[in-house]
Amino acid sequence: MGTKKVETLITALEPVADSHGFELVDVEVIAQGSAPTIRVYIDKAEGLDIDSIAAANAWIGAEIERIDPFSGTYILEVSSPGIDRPLRKPEHFMRYIGESVILQTNPLDGRRKWTGTLGGMDGDDVLLEVDGRTERLAFSAIRKARIKGSVDFKGRKDD
């Protein structure tokens, strides 16, 4: 789902994240100006706090320096995946069954953008409920996938 540099970063960072008790959710590289931004999304079963993100920033930075994917400077951003959580691996598509998602694909049936309810995976296909029917989208055709985050303020109680 990513560029060669992104795949290189994921390959290097994923086992290191696992060894520190983190899940590497995704990596993005945004080329802007002379210094690209590397965004690393991490998570933990018990959740993240500022101390765990700061600690992760140190070992992520050290690993990126070790593999040296860029010839010059870069900006490193480490954060939680947020409510618009990226989905990168088949396990992600199974873990978030029932969630509303937005997928960007190679052209499929004249479409590149799909919004619907995630139905999991069947073999190498992602199942997506769209307009009352189930679409089968090849996992290999997906370029980007995110949970469609929403916040419900209706249940909020003002004290």
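Quick notes on this one:
- Matching residues in region 102-159 - criterion: being in contact (Cβ under 8 Å) with a residue 60 or more places away in the chain and either in contact with a His (Cβ under 7 Å, 6 or more places away or on another chain) or polar (S, T, N, Q) (or both): SER150
- Options SER52, SER140, SER71: the member that is in the same structural domain as PRO36 (by TED's automatic domain parsing), over 24 Å from GLN32 (Cα atoms) and among the polar types (S, T, N, Q): SER52
- Lone qualifier among VAL126, VAL25 - being under 18 Å from the mean Cα position of the chain (by Cα), over 23 Å from LEU9 (Cα atoms) and crowded, with 18+ Cβ neighbours inside 10 Å: VAL126
- When THR105, THR73, THR115, THR134 are screened for being surrounded by 16 or more Cβ atoms within 10 Å (Cβ to Cβ), more than 13 Å from the chain's Cα centre (by Cα) and either hydroxyl-bearing (Ser, Thr, Tyr) or not in a strand (DSSP E or B) (or both), only THR105 passes.
- Residue within region 16-27 that is touching a Phe, Trp or Tyr at 6+ places or on another chain (Cβ under 7 Å), modelled with pLDDT under 90, outside the structural domain of PHE139 (by TED's automatic domain parsing) and not acidic (Asp, Glu) present: no
- Scanning region 44-70 for residues that are farther than 19 Å from GLU7 by Cβ and surrounded by fewer than 16 Cβ atoms within 10 Å (Cβ to Cβ) returns ALA45, GLU46, GLY47, ASP49, ILE50, ASP51, ALA54, ALA55, ALA58, GLY61, ALA62.
- Which numbered condition LEU48 misses (of (1) aliphatic (A, V, I, L, M); (2) modelled with pLDDT of 95 or more; (3) in a loop (DSSP other than H, G, I, E, B)): (2)
The values are calculated or read from the model by the stated rules, or taken from the named source; none is laboratory data. The shown structure was predicted, so the numbers you read here are calculated from the model rather than taken from an experiment. For neighbour counting, all protein chains shown are included, and Cβ atoms are generated from backbone atoms with ideal geometry for every residue, glycine included.
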